[in-house]
Every structure is written in structure tokens, then in C-alpha cells.
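S.K.: Just dropping this structure here.
The values are calculated or read from the model by the stated rules, or taken from the named source; none is laboratory data. Since the structure is predicted, the reported quantities are computational estimates derived from the model, not experimental observations. Here Cβ is always computed from backbone atoms with ideal geometry, including for glycine, and neighbour counts include all displayed protein chains. Remember, those area values only see protein heavy atoms, side chains included, never the ligands or the DNA or RNA. Shrake-Rupley method; radii C 1.70, N 1.55, O 1.52, S 1.80 Å.
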Amino acid sequence: MHNTSTSVITIERFIMEQERLHPEATGELSNLLYDLCLAAKIISRHVRRAGLTDILGGSGTINVSGDLQQKLDMFANETVRHSVQHTGRICIMASEEDREPVPVPQDKPAGKYVLLYDPLDGSANIDVNVSIGTIFSIHKRVTPKHGTAAAKDCLQPGRKQVAAGYILYGSSTMLVYTTGQGVHGFTLDPTIGEFLLSHPDIRTPDGGKYYSVNESNWNKWTPAVQHVVAAFKNGDGPVQAKNARYIGSLVADVHRNLISGGIFLYPADARNPQGKLRLLYEAAPLALVVEQAGGAATDGKRPILDVIPGELHQKTPLVIGSKADVAFATAVFGAP
Ligand code: AHM
Ligand code: MG
């Protein structure tokens, strides 16, 4: 943790130092991460003042998953897009809020990266002043450099991500990311407008004290899911009894469990046979972060990072968190 004004490490310095470890790096990825930091600061400023400006409430539109879009969702969506589309670092982007992927405009240079993002996750919590987040996932382009980028660039398994992370608008604003070399957390110091390194090399506990699930879905779950959740509630064999914590904002729930240890589940249920959360914008980036911190993430059958996406807005069951807890759930789900 930084504790003196002379020892602060800004995110820019940290990213630059990480880049120097790779002499072959062109700097494009570092610059894309800076672009996302800027978007995060702009969204954070808006979120912090949300109750004071005319930005709360629904926008009157429905997204591709059937969710009512909030005005802040739309603002965050456009802020991320405008922060990255002209810079020459990406060739295409896809957002949870847009039906189709958005290639960079023809009059702008195209870069070698692909950005997938959920601009403001936990929308139902916006109007009631509860933590929300932004999630991002970065891949390398796979279509030929001189053609138009396409959906194929977005439909890559999570294992191929070159970076992923999230911004949590909580009691403070934090940016947590990985480029495959550990997970690092930065806290926004609003007095100087900089993200400062506050959580270097985050390691998640192997077994955790929290379980996070929307238990009102109990009657819609399979017996296996009920068994797993009951085990976390009551303790069962190797599983220690846990405390329930459920915010209903994925980023906040996963972040808490990442730091304190625990497991988050959004399983398939009778209403959502494929689960509720989106593979590319939510599950895969968080899976990379959690795996890099020593945890695990599965859809119940295989690691989330190994799932090959078939379509952009594909949903997936998600079980994510401390390794021993995820292993227990996977063993129960895999049992005949
Ligand atoms: P959103 O992307 O529309 O905000 O929906 C995703 C959110 C997650 O943040 C959270 O884990 C989940 O939906 C909560 O769903 P539920 O209200 O069914 O428990
Ligand atoms: Mg979301």
C-alpha cells in the first residue's frame, strides 16, 4: 500500500515499467490501458455526482439482452467508445449495450487490439447509490491487418485475452487489471485525478469466508446447485460454513471475494437456462483476473477461459472465486 506522498506509484508509471519488461512491446497496449483509465475517470466523475445531475433513471431503451438501459449505462458506453475509437490502438470493439460490434470509423486508424466491455455493470443498483462497475477485456486481432475487423475478432476464448480488468465505483474508485503477470489494483485519488497503486500483486485466499448468490432463485435451481449453496451456508465436509454477501453488482461481489476470499455463483436456473451473465463482457475478463490472482472460474463443466464463444452476447453460468470453493462446486456439478 502506498502511504507517503513520496512513494506513490501512478498507474502510468506502473504500466510503463511493466512494458519495459517486454522489449518487443510497441506501447500500443499500454496506451490502450491509459485510454481506459481516462474513460474510468470520466465515468467515475459522473457516477460520483449522479444524484445531483439529471443522469439517474431509465433511458427508455432496451438492450440486446432485454434489460432496460439506464442513462448512466448509455453515458458510460459512449465514454468508453469515445476514449478508444480514434486512437489507433483498436480495430473493433463490442459492448454489452450494443447489438453489433463497432469497427473503428473508416477515417480513423485501426490498431491491433480488440476491446470488449460492459460499460456499467450492476445497472439495477445505479439509482439506489450502490456500487457498480465497468469491465473490460482485450484481445489481439485475428483477421488480416488490412481488411475490416469483424465479429471473428471478438469471438475468441478468454484464454486468449492479453489483458482484462474492471473499475469498481465503490467507497472509492478502483481499477484492477491483469496483463497475465499478476493482478494489480489502483485507487483513484480524486484530489489529484490519478490512479495510484494500492493493491500490488493481489492473491486471493484459497478458501473463502463469503458465498455470494441470489438465493431468491433457490426454487429455480437444480438439486446440484441447491446442494452446493446449502454446503456453503451450513458447512459440509471439507467446506467451511460461510457468510452470505450479495450486492447484486458482479464487479463488487467478485472484488470483495477476491480480496477477502469466497465464491460467487450465478448458475443456470429455470428462468435463465444459460445463466444470466455474459461470457465475453463479464465472465471471461473476471475469470482472467481471478485466475491470475490464484482463484478459479468455471461454467460448471469447464474453465470459463476455455469456453469458445459462438455468439457475441452469449450467456454462461458462472462460478468464480477461491480455488478450493470452486473445486468443491465443480465436483458436485460433475457428480452423476
Ligand atoms: P447488468 O449487466 O444488466 O447490470 O446485469 C448484470 C448484473 C450483475 O452485476 C449481477 O451479478 C447480476 O446482474 C445480478 O442479477 P440478479 O438481480 O438476478 O441477482
Ligand atoms: Mg453487466
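S.K.: Failed condition for Gln69, given (1) over 25 Å from Thr187 (Cα atoms); (2) within 13 Å of ligand 1 (Cβ to nearest atom); (3) crowded, with 24+ Cβ neighbours inside 10 Å, with all others met?
M.R.: Here Gln69 clears every test but (3).
S.K.: Identify, from the list Leu258, Leu286, Leu277, Leu196, the residue that is within 16 Å of ligand 2 (Cβ to nearest atom), open to solvent by less than 10 Å² (accessible area, probe 1.4 Å) and under 22 Å from Gly165 (Cβ atoms). Working first, answer last.
M.R.: Numbers: Leu258 fails: within 16 Å of ligand 2 (Cβ to nearest atom); Leu277 fails: open to solvent by less than 10 Å² (accessible area, probe 1.4 Å); Leu196 fails: within 16 Å of ligand 2 (Cβ to nearest atom).
Unique residue meeting the criteria: Leu286.
S.K.: I've got another one for you. Quick check on the range 187-211: of everything there that is free of Cβ contacts under 8 Å to residues at least 60 places away in the same chain and closer than 18 Å to Ala296 by Cα, which residue is nearest to the chain's Cα centre (by Cα)?
M.R.: In this case the residue turns out to be Asp201.
S.K.: Could you go through the range 125-144 and let me know if any residue there is more than 20 Å from Gly180 (Cα to Cα), more than 16 Å from ligand 1 (Cβ to nearest atom) and in contact with an Asp or Glu (Cβ under 6 Å, 6 or more places away or on another chain). Explain how you work it out, then say what you get.
M.R.: Start the filter on the range 125-144 by keeping residues that are more than 20 Å from Gly180 (Cα to Cα), which leaves 125-133, 143-144.
Checking the rest, the ones that are also more than 16 Å from ligand 1 (Cβ to nearest atom) come to 143-144.
Add one more test, that the residue is in contact with an Asp or Glu (Cβ under 6 Å, 6 or more places away or on another chain), and what stays is 143.
Yes.
S.K.: For the list (1) at pLDDT 95 or above; (2) open to solvent by less than 10 Å² (accessible area, probe 1.4 Å); (3) under 23 Å from Val251 (Cβ atoms), I need the number of the one condition that Ala231 fails.
M.R.: All conditions are met except number (3).
S.K.: Further, regarding this structure: When only residues in the range 87-146 that are surrounded by 22 or more Cβ atoms within 10 Å (Cβ to Cβ) and among the hydroxyl-bearing types (Ser, Thr, Tyr) count, which is nearest to ligand 2 (Cβ to nearest atom)?
M.R.: By that ranking, first place goes to Ser123.
S.K.: Another one. Counting just the residues of the range 228-286 that are among the small types (Gly, Ala, Ser), assigned to a loop (DSSP other than H, G, I, E, B) and over 12 Å from the mean Cα position of the chain (by Cα), which one comes out nearest to ligand 1 (Cβ to nearest atom)?
M.R.: Initially, the range 228-286 is screened for residues among the small types (Gly, Ala, Ser), giving 230-231, 235, 237, 241, 244, 248-249, 252, 260-262, 268, 270, 275, 283-284.
Next, only the ones that are assigned to a loop (DSSP other than H, G, I, E, B) stay: 235, 237, 241, 248-249, 261, 268, 270, 275.
If we keep only those that are over 12 Å from the mean Cα position of the chain (by Cα) as well, we get 235, 237, 241, 248, 261, 268, 270, 275.
On the way: Gly235: 24, Gly237: 28, Ala241: 22, Gly248: 5, Gly261: 18, Ala268: 12, Ala270: 13, Gly275: 10 Å.
Checking each candidate, the answer is Gly248.
S.K.: Sort through Val130, Val142, Val114 and tell me the only one that's assigned to a loop (DSSP other than H, G, I, E, B) and under 20 Å from the mean Cα position of the chain (by Cα).
M.R.: Sole residue among the options that is assigned to a loop (DSSP other than H, G, I, E, B) and under 20 Å from the mean Cα position of the chain (by Cα): Val130.
S.K.: Given the conditions (1) part of a loop (DSSP other than H, G, I, E, B); (2) surrounded by fewer than 20 Cβ atoms within 10 Å (Cβ to Cβ); (3) at pLDDT 95 or above, report the number of the one that Gln156 does not fulfil.
M.R.: The number of the failed condition is (2).
S.K.: For the structure I just gave you, tell me whether Ala124 is out of contact with any helix residue (DSSP H, G or I) (no Cβ under 8 Å at 6 or more places or on another chain) and within 19 Å of Ile167 (Cβ to Cβ). Walk me through it before giving the result.
M.R.: Values: out of contact with any helix residue (DSSP H, G or I) (no Cβ under 8 Å at 6 or more places or on another chain): yes; within 19 Å of Ile167 (Cβ to Cβ): yes.
So Ala124 passes the test.
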